[in-house]
């Protein structure tokens, strides 16, 4: 029996690594599209962490190079394509709005076009984002909640989201968008607040750092684990009908409370070490995000299995080990 083939952009990111692990467990051939850079050896560290680097095929490609994407799709004729690549850090999007618009918005069009031209029957997944809701129009956000993006990143994501809908409706492509709320793990980048917190807590516990500087700790987020969320991505592409789904836990927690979970795990008091730094406030803040996962639960049977507290403790433990300590 021929293996199913999946092409994954953004394979070296957090979600790409966990998705690769899941697909390999299910017997897929996994082809990862990697943007050429001078940091290539470092870029695979997430795949290395999960022990899957040697089991995936990495190919050079870039979301801004339609010809190169067409070549990749033509050569591998994938059954499924997961577009996870983007300029994905919200703060950077204000400093590099044009780059963000290209990579996170136009890049989606290029991947969709390559699939349409070279593998029109492939099932396509687009990584949409809860940041598209921005200035929330409903207390709990679902697939029908109006969008109100509050950053260049969110605006670019919204373009990619609607392009996915448009290609589905215009060309009868099996194209899905997962509107994923915040999802974290030990593989999260240090620039993101959860990992910034757990890394600092580990260093403070080990005597290598004196404080944690953060911005708006009253912001609320719906946090889940990336390992859970990639299961939802896969489930969307196995369904009979292409559609868009909110993937969330249905629970919102302040950054402040998340910080307390991390410090409590190592027996320290957060208030002794946390400092508010105005440099880390956004030009326009997204105060609350709270997802409604009813559709993905009822239609695809997906539910999260890892709580925010379990996830943060796992991340702290991983960072303690990274910094030469041991788990508490």
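Going by what's in this entry, would residue 291 be described as at pLDDT 95 or above, outside the structural domain of residue 133 (by TED's automatic domain parsing) and under 16 Å from residue 130 (Cα atoms)?
Yes, satisfied.
Looking for something farther than 20 Å from residue 290 by Cα and assigned by TED's automatic domain parsing to the domain that holds residue 32 - is there at least one such residue anywhere in segment 125-140?
Yes, because at least one residue in segment 125-140 is farther than 20 Å from residue 290 by Cα and assigned by TED's automatic domain parsing to the domain that holds residue 32.
So which of 115, 108, 214 ends up being crowded, with 16+ Cβ neighbours inside 10 Å, in the same structural domain as residue 264 (by TED's automatic domain parsing), in contact (Cβ under 8 Å) with a residue 24 or more places away in the chain and in contact with a strand residue (DSSP E or B) (Cβ under 7 Å, 6 or more places away or on another chain)?
214 is the lone residue from the list that is crowded, with 16+ Cβ neighbours inside 10 Å, in the same structural domain as residue 264 (by TED's automatic domain parsing), in contact (Cβ under 8 Å) with a residue 24 or more places away in the chain and in contact with a strand residue (DSSP E or B) (Cβ under 7 Å, 6 or more places away or on another chain).
From the list 78, 97, exactly one residue is over 15 Å from the mean Cα position of the chain (by Cα) and buried (at least 23 other Cβ atoms within 10 Å of the Cβ). Which is it?
None of the other options fit; the residue is 78.
Could you pull out the residue among 201, 230 that is touching a helix residue (DSSP H, G or I) at 6+ places or on another chain (Cβ under 8 Å), in contact (Cβ under 8 Å) with a residue 12 or more places away in the chain, surrounded by 14 or more Cβ atoms within 10 Å (Cβ to Cβ) and not assigned by TED's automatic domain parsing to the domain that holds residue 90?
Residue meeting the stated conditions: 201.
What residue, among those in segment 143-157 that are out of contact with any strand residue (DSSP E or B) (no Cβ under 8 Å at 6 or more places or on another chain) and in a helix (DSSP H, G or I), is surrounded by the fewest Cβ atoms within 10 Å (Cβ to Cβ)?
Of everything passing the filter in segment 143-157, 155 is surrounded by the fewest Cβ atoms within 10 Å (Cβ to Cβ).
Picking from 307, 303, which residue would you name as being touching a helix residue (DSSP H, G or I) at 6+ places or on another chain (Cβ under 7 Å), under 14 Å from residue 251 (Cα atoms) and surrounded by fewer than 19 Cβ atoms within 10 Å (Cβ to Cβ)?
Of the residues listed, the single one that is touching a helix residue (DSSP H, G or I) at 6+ places or on another chain (Cβ under 7 Å), under 14 Å from residue 251 (Cα atoms) and surrounded by fewer than 19 Cβ atoms within 10 Å (Cβ to Cβ) is 303.
Matching residues to (1) modelled with pLDDT of 95 or more; (2) more than 22 Å from residue 72 (Cα to Cα):
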{"site": "116", "(1), (2)": "yes, no"}
{"site": "127", "(1), (2)": "yes, no"}
{"site": "137", "(1), (2)": "yes, yes"}
{"site": "145", "(1), (2)": "yes, yes"}
{"site": "152", "(1), (2)": "no, yes"}
{"site": "165", "(1), (2)": "yes, yes"}
{"site": "168", "(1), (2)": "yes, no"}
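From 24, 58, 69, 84, which residue is more than 26 Å from residue 239 (Cα to Cα), in contact with a helix residue (DSSP H, G or I) (Cβ under 9 Å, 6 or more places away or on another chain), surrounded by 14 or more Cβ atoms within 10 Å (Cβ to Cβ) and modelled with pLDDT of 95 or more?
Answer to the selection: 58.
Does residue 317 fit the bill of being surrounded by 16 or more Cβ atoms within 10 Å (Cβ to Cβ) and at pLDDT 95 or above?
So residue 317 passes the test.
Answer with yes or no whether residue 263 is more than 15 Å from residue 198 (Cβ to Cβ) and assigned by TED's automatic domain parsing to the domain that holds residue 207.
no
In segment 165-205, how many residues are farther than 15 Å from residue 315 by Cα and either more than 19 Å from the chain's Cα centre (by Cα) or part of a helix (DSSP H, G or I) (or both)?
Looking only at that region, the number is 10.
Check off (1) in contact with a helix residue (DSSP H, G or I) (Cβ under 9 Å, 6 or more places away or on another chain); (2) not assigned by TED's automatic domain parsing to the domain that holds residue 147 for residue 243 and give me the number that stays unchecked.
(2) is the only condition that residue 243 fails.
Scan segment 94-142 for residues that are more than 17 Å from residue 161 (Cα to Cα) and in a helix (DSSP H, G or I) and report the count.
Summing the residues that are more than 17 Å from residue 161 (Cα to Cα) and in a helix (DSSP H, G or I) in segment 94-142 gives 7.
The values are calculated or read from the model by the stated rules, or taken from the named source; none is laboratory data. Only a predicted model underlies this, so the values are computations on that prediction, with no experimental measurement involved. So basically every Cβ, Gly included, is an ideal-geometry build from the backbone, and we count neighbours across all protein chains shown.
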